[in-house]
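Asks: Below is a structure I'd like to ask you about.
Each reported figure results from applying straightforward, stated rules to the coordinates on display, with no laboratory input. Given the structure is predicted, the values throughout are model-derived calculations rather than measurements. Because the Cβ atoms are built from the backbone with ideal geometry, glycine has one as well, and the counts that use them run over all protein chains shown.
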Amino acid sequence: MTSDLRIPDPVRPEHTEEARLRAAAGMAPAPSTGGEYAGFESVGLPDRPPQTEREREVYTLGEGEMLVNMGPQHPSTHGVMRLVVKVRGEVVVDIDPVLGYLHRGIEKLCENATYTTVMTYVDPMDYLSAMHNEHAPAIAFEKLYGIKAPKRAEYIRALVVELNRVFSHGLMMGFQALDMGGLTPILYGFINRDEVVDLLSAISGQRMLFNFFRVGGVNFDANDEFFSRLGTWRAGVLKTIEMNERIMTDNEIFRGRTIGMGVLSGPEAIALGVTGPSLRASGVPFDVRKAHPYSIYPELEFDVITQTGGDVYARYLQRVAELKQSIHLIDQIVDKMPHGPVQAQVPGIIRPKPGRAYAAVESPRGLYSVYAISDGGPNPYRFRMRDPSFVSLQAMPKLMPGRLIADTMAVMASFDPVMGGVDK
Amino acid sequence: MDLDLLLGVGRFLLATTLLLLLTVPTAFVVIQMELKVIAQMQLRYGPNRIGPWGMFQSTIHGFKFLAKEDHMPDLADRTTFTLAPWMVYMAAAMSMLVIPWAPGAIAADFNIGIVYFFAIIGLSVVGMLIAGWASYNKYSLLGGLRSAAQMVSYEIPLTLSVVGVVVLGGSLNFREVIEWQLDHGWMLLWQPVGWGIFYIASLAEINRTPFDMVEADSELVAGPFTEYSGMRFGFFFFAEYVALFIMSGIMVALFFGGWLAPWPFPAQFDGFGGTLYGLFWFFLKSYLFVFVAVWLRATLPRVRVDQLMGMAWKVLLPLAMLNLMVTAGVVVWLKL
Amino acid sequence: MADLRRSRPAAKQLGRRRDLSAPAGALVRLLLDRFADLAPTVWTDEDTVEVRIDGERNVALLEVLRDDPELHFFMLADAAAVDYGPSEHFEVVYHLYSDLHPAWLRVRARVDRADPHLPTITGLWEGASFHEREMYDMMGIVFDGSRDLRRIYMSPDYRSFPQRKDFLLPDDAADSPAAGVDPLERPETWDLSRFVEAATSSEGES
């Protein structure tokens, strides 16, 4: 930055020190913006014409409208994201999400990583569902390499994946309340997460970025001590969830702020690409575990849960129901777990034959998929991840116009986005 | 100079100094309660390093505010920016003048004590408004306007619910209302609806959860206090907690018998022992309600601003008027 | 929009592993019924059917895939871009899901590298907007007719397209061969003079 770079006061440029100095020196005042540049100075964007039709739509201010930045240092919990909100008083007129604050170039980085190292790169994408982030690449690479993981490995994979889903949905309950001012459910959610993460760290060695899956299986086996700890956890998990539910589900204030809010209809959700619990809360029974079964899900017994209503409350109820469903699935998995090896025999550096593979899993946020292209070498030629939070964010500008600013956070929390996944 | 006049002035200065000094430990105690009680409800420890059981944490908070840089936005209006925290704090401190602490221990035993109290509490609205305006920040302005709207609209059901108490008690003097309760039982039994309205409206009046839209931290920054730092912010901060205690105290005085002990115990004594006895019960009851307010903060999410205003005007106000009419009618009919 | 109530709820396939090979064959037959010229491009796997087309046909093909009652590919699962090298073409890959066919359908649309243009599919699925923005931002593929084709991850005045194969790591974007590729925004046309007192050499610095 040069030393003579000065940003004028974004609110009233003609009253700033710069204007006074210019006037004192006999210079003309700094060129003011107007017309198609209007509104930019209040959000601190550089002076550039709106590039696209949509941008022009958002950044052109009508009578009494104002552009307000929410973020990137968000008081909310989803990560670094900027929402440019066009408000008229308290009422939101339009929203433009500005992304990229957490963009790390993971897809490009993976092109220089071996197939095993990719597992460490994908973990911090959607860091609250790291196991799912690893599951999809593992399946894709196994398709490319032409092997299948042993049965026990698949069962352990399903077990850790469902454990991950339990704590992710538990956290969502907390975020939903926190964004509306309830301070306690987030702490109960973290108690739940702490217990699950203790289990996951017992089996994988890590508490958050697990690096547990391998091409051809998983890294470590689960021993008897793990299962006894799992049993202890299982006996107590519903209590914590219930503590949270008691504060939230029948709470009049919570219901008043979430019922009828942010209603997304089924066809609209599909058109926007929303998947996962948000889609099922709008009544569409699409669950990747049933729609395109992978791993050992065909052997487990469960129904696809849906809600009617498609509002914030329905999305909340959907996640609570799926949390309990996951616990039920964990019970089945533990019952049916076979013995055997947990990793297929693969060389240290895998070189699959040239080809393409697509694998999708059901992450707590929706359809998480990986499209991998191999060129015969040790690194993937193209490694593409489709993150569900990224696509769900497009629902925000559709749901918010006409609502109040306070509802922005409530609706956002109901989609449970994680910026790591959104920005890759 | 007249000795009486001098003594009077001296006593006045002493009383006001004591009161001002009393607000600070009150704020400290209430803040400490909030930190520890909310922590225990969230299954965690809360502050436990500064002093035994973390007792001095809020004191340290106070010193922290004193030690911070005092920063003012360039374009803010200096006079009003400085004045705003004083107004809010003085509204809280001055309203402590009429609180009935114990028999014989009331700083200013006005005959119109109740009116004085609600009038002075309304000054904090002005303080919030000018804080938002003088900050030269559109988010502060929005927050200030919101808070003014909220506080003004909840003042009406608040005061209306008290009119029922006044009608029954026959006086605007706190002490006489309490003495009425000595003879007739606690006002809660006579005015349950009035108490309900008063409680909800008082929470909204002092911007406590679930009505803390003003300081909603997950929305746009910190409301009217965004640009304040150091002791200026400290004034707002302390004023909020002092107001919490004061509102609880007034509610206890009006509806729960003030310094009177509940049934199995003798209601009050005379003399210095009686003052201490009354003081004990008053503080116990007040802090019980402070605890409930803190409990609500730990548990409930925030009410949205339009739902908040709707509740004030469409629910509480009609209910308060109905309560008043019924009370007045019963009093006239039974010639109470 | 396809009537979802007609679709078989996935809940009915309780615990039964779906046999993919035969129905994939049925899908291929249906596809070739409607688009006989795709025959040489079809490729199947145990759970995927893939077709290759030229870029301009994407909307026409995807519309039929979505609206045909026997195909019923109502969900766009993914839209990605692949760069095959500095002297090769681009490819935009769509993955579709249908509840009537157990296989994923992959549509690979070939895009010319020198002048990468493709019709937008936001008319079919509005949620493709972010995917297309990402493909533009990372590869430089322009989607004609899109209402909102601007950068999504990189800053608005970024001058290169990072996921291209000739964009080198780690480096300053200005040094890699992919630099100098003209983004749509043309940052050099922006007037930043009101921010810079002496608007001389400061633009080239970071």
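Asks: Collect the residues in the stretch A:121-137 that are buried (at least 19 other Cβ atoms within 10 Å of the Cβ) and either closer than 23 Å to C:M135 by Cα or out of contact with any Ser or Thr (no Cβ under 6 Å at 6 or more places or on another chain) (or both), keeping them in residue-number order. Working first, answer last.
Replies: Of the stretch A:121-137, the ones buried (at least 19 other Cβ atoms within 10 Å of the Cβ) are A:121-123, A:125-126, A:128-137.
Residues satisfying the conditions are A:Y121, A:V122, A:D123, A:M125, A:D126, A:A130, A:M131, A:N133, A:E134, A:H135, A:A136, A:P137.
Asks: Kindly indicate whether any position in the stretch A:171-178 is without any contact (Cβ under 8 Å) to a residue 40 or more places away in the chain and buried (at least 22 other Cβ atoms within 10 Å of the Cβ). Write out each step before concluding.
Replies: First, the residues of the stretch A:171-178 that are without any contact (Cβ under 8 Å) to a residue 40 or more places away in the chain: none.
For the stretch A:171-178, residues without any contact (Cβ under 8 Å) to a residue 40 or more places away in the chain and buried (at least 22 other Cβ atoms within 10 Å of the Cβ): absent.
Asks: Residues B:L188, B:L203, B:L182: which one is touching a Pro at 6+ places or on another chain (Cβ under 8 Å), part of a helix (DSSP H, G or I), surrounded by fewer than 24 Cβ atoms within 10 Å (Cβ to Cβ) and in contact (Cβ under 8 Å) with a residue 12 or more places away in the chain? Break it down into steps so the answer makes sense when it comes.
Replies: Details: B:L188 fails: touching a Pro at 6+ places or on another chain (Cβ under 8 Å); B:L182 fails: touching a Pro at 6+ places or on another chain (Cβ under 8 Å).
Being touching a Pro at 6+ places or on another chain (Cβ under 8 Å), part of a helix (DSSP H, G or I), surrounded by fewer than 24 Cβ atoms within 10 Å (Cβ to Cβ) and in contact (Cβ under 8 Å) with a residue 12 or more places away in the chain holds for just one of B:L188, B:L203, B:L182, which is B:L203.
Asks: Let me ask you something else. So, of the residues in the stretch A:103-115 that are of a type in the set (D, E, K, R) and either under 14 Å from A:D423 (Cα atoms) or touching a Cys at 6+ places or on another chain (Cβ under 8 Å) (or both), which turns out to be surrounded by the most Cβ atoms within 10 Å (Cβ to Cβ)? Even if it seems obvious, please write down each step before you answer.
Replies: Taking the stretch A:103-115 and keeping what is of a type in the set (D, E, K, R), we get A:104, A:107-108, A:111.
When the remaining residues are screened for being either under 14 Å from A:D423 (Cα atoms) or touching a Cys at 6+ places or on another chain (Cβ under 8 Å) (or both), the result is A:104, A:107-108.
Working: A:R104: 14, A:E107: 21, A:K108: 18.
Here the residue is A:E107.
Asks: While we're looking at this one, here's another question. Here are some residues: C:G85, C:G145, C:G140, C:G55. Which one is more than 13 Å from chain A (Cβ to nearest Cβ), at positive phi and not hydroxyl-bearing (S, T, Y)? Can you show your working first?
Replies: Numbers: C:G85 fails: more than 13 Å from chain A (Cβ to nearest Cβ); C:G145 fails: more than 13 Å from chain A (Cβ to nearest Cβ); C:G55 fails: at positive phi.
On inspection, the qualifying residue turns out to be C:G140.
Asks: Looking at C:G123, C:G127, which is the one that is within 13 Å of chain A (Cβ to nearest Cβ) and touching a Gly at 6+ places or on another chain (Cβ under 7 Å)?
Replies: Details: C:G123 fails: touching a Gly at 6+ places or on another chain (Cβ under 7 Å).
Of C:G123, C:G127, the one residue that is within 13 Å of chain A (Cβ to nearest Cβ) and touching a Gly at 6+ places or on another chain (Cβ under 7 Å) is C:G127.
Asks: Do we find that A:A158 is closer than 16 Å to A:A130 by Cβ and either crowded, with 24+ Cβ neighbours inside 10 Å or under 20 Å from the mean Cα position of the chain (by Cα) (or both) in this structure? Don't jump to the end; show me each part of the working.
Replies: Working: closer than 16 Å to A:A130 by Cβ: yes; either crowded, with 24+ Cβ neighbours inside 10 Å or under 20 Å from the mean Cα position of the chain (by Cα) (or both): yes.
So A:A158 passes the test.
Asks: For A:V118, state whether it is touching a residue at least 60 places away in the same chain (Cβ under 8 Å) and buried (at least 23 other Cβ atoms within 10 Å of the Cβ).
Replies: Values: touching a residue at least 60 places away in the same chain (Cβ under 8 Å): yes; buried (at least 23 other Cβ atoms within 10 Å of the Cβ): yes.
Answer is yes for this residue.
Asks: Could we say that A:V288 is surrounded by fewer than 22 Cβ atoms within 10 Å (Cβ to Cβ), in contact with a Leu (Cβ under 8 Å, 6 or more places away or on another chain) and more than 8 Å from chain C (Cβ to nearest Cβ) here? Quick ask: steps written out before the conclusion?
Replies: Numbers: surrounded by fewer than 22 Cβ atoms within 10 Å (Cβ to Cβ): no; in contact with a Leu (Cβ under 8 Å, 6 or more places away or on another chain): yes; more than 8 Å from chain C (Cβ to nearest Cβ): yes.
For A:V288, the condition - surrounded by fewer than 22 Cβ atoms within 10 Å (Cβ to Cβ), in contact with a Leu (Cβ under 8 Å, 6 or more places away or on another chain) and more than 8 Å from chain C (Cβ to nearest Cβ) - is not met.
Asks: Inspect all residues belonging to the stretch A:242-260 and state whether any of them is within 13 Å of chain C (Cβ to nearest Cβ) and buried (at least 22 other Cβ atoms within 10 Å of the Cβ).
Replies: Kept after step one, since they are within 13 Å of chain C (Cβ to nearest Cβ), are these residues of the stretch A:242-260: none.
No, the stretch A:242-260 has no match at all.
Asks: Still on this structure, I have one more. Does at least one position in the stretch A:138-152 carry a residue that is among the aliphatic types (A, V, I, L, M), buried (at least 24 other Cβ atoms within 10 Å of the Cβ) and closer than 11 Å to A:I296 by Cβ?
Replies: Yes: the stretch A:138-152 contains one or more residues that are among the aliphatic types (A, V, I, L, M), buried (at least 24 other Cβ atoms within 10 Å of the Cβ) and closer than 11 Å to A:I296 by Cβ.
Asks: Taking A:D303 and the conditions (1) over 20 Å from A:V288 (Cα atoms); (2) surrounded by fewer than 16 Cβ atoms within 10 Å (Cβ to Cβ); (3) in contact with a helix residue (DSSP H, G or I) (Cβ under 9 Å, 6 or more places away or on another chain), which numbered condition does it fall short on, given that it satisfies the others?
Replies: (1)
Asks: Look through the stretch A:351-374, keep the residues that are part of a loop (DSSP other than H, G, I, E, B) and in contact with a helix residue (DSSP H, G or I) (Cβ under 6 Å, 6 or more places away or on another chain), and return whichever of them is nearest to A:V166 (Cα to Cα).
Replies: Looking only at the stretch A:351-374, we keep the residues that are part of a loop (DSSP other than H, G, I, E, B), and these are A:351-354, A:364-365.
This time we only want the ones that are in contact with a helix residue (DSSP H, G or I) (Cβ under 6 Å, 6 or more places away or on another chain), so: A:352, A:364-365.
Numbers: A:P352: 34, A:P364: 9, A:R365: 12 Å.
Ranking the qualifying residues of the stretch A:351-374, first place goes to A:P364.
Asks: Sticking with this structure for a sec: What number of residues in the stretch C:93-120 are within 12 Å of chain A (Cβ to nearest Cβ), crowded, with 23+ Cβ neighbours inside 10 Å, under 14 Å from the mean Cα position of the chain (by Cα) and more than 16 Å from C:V42 (Cβ to Cβ)?
Replies: Count: 0.
Asks: What are the residue pairs meeting all of these: first residue in the stretch A:337-361, first residue within 22 Å of A:F383 (Cβ to Cβ), second residue outside any loop (DSSP other than H, G, I, E, B) and among the aromatic types (F, W, Y), Cβ atoms under 6 Å, and 6 or more apart or on different chains?
Replies: Every condition considered, the pairs that remain are A:I350/A:Y145; A:P352/A:Y145; A:Y358/A:Y371; A:Y358/C:W104; A:V361/A:Y368.
Asks: Between A:L200, A:L209, which is closer than 23 Å to A:P388 by Cβ, outside any helix (DSSP H, G or I) and away from chain C (no Cβ under 14 Å)?
Replies: Numbers: A:L200 fails: outside any helix (DSSP H, G or I).
Sole residue among the options that is closer than 23 Å to A:P388 by Cβ, outside any helix (DSSP H, G or I) and away from chain C (no Cβ under 14 Å): A:L209.
Asks: Consider the stretch A:262-285. How many of its residues are crowded, with 20+ Cβ neighbours inside 10 Å, at the interface with another protein chain (Cβ under 10 Å from one of its Cβ atoms) and over 17 Å from A:A321 (Cα atoms)?
Replies: Adding up the residues that qualify gives 7.
Asks: Taking the options A:H74, A:H78, name whichever one is surrounded by fewer than 20 Cβ atoms within 10 Å (Cβ to Cβ), in a loop (DSSP other than H, G, I, E, B) and away from chain C (no Cβ under 14 Å). Walk me through it before giving the result.
Replies: Working: A:H78 fails: surrounded by fewer than 20 Cβ atoms within 10 Å (Cβ to Cβ).
Within the list A:H74, A:H78, the selection yields A:H74.
Asks: Do we find that B:L254 is closer than 30 Å to A:P185 by Cα, in contact with a helix residue (DSSP H, G or I) (Cβ under 6 Å, 6 or more places away or on another chain), surrounded by 22 or more Cβ atoms within 10 Å (Cβ to Cβ) and away from chain A (no Cβ under 14 Å) in this structure? Spell out the reasoning first.
Replies: Details: closer than 30 Å to A:P185 by Cα: no; in contact with a helix residue (DSSP H, G or I) (Cβ under 6 Å, 6 or more places away or on another chain): yes; surrounded by 22 or more Cβ atoms within 10 Å (Cβ to Cβ): yes; away from chain A (no Cβ under 14 Å): yes.
Here the answer is no, as B:L254 does not meet what is asked.
Asks: Now for a different question. Right, B:S95: part of a helix (DSSP H, G or I) and under 26 Å from B:V37 (Cα atoms) or not? Talk me through it step by step, then tell me what you get.
Replies: Details: part of a helix (DSSP H, G or I): yes; under 26 Å from B:V37 (Cα atoms): no.
No: the conditions fail for B:S95.
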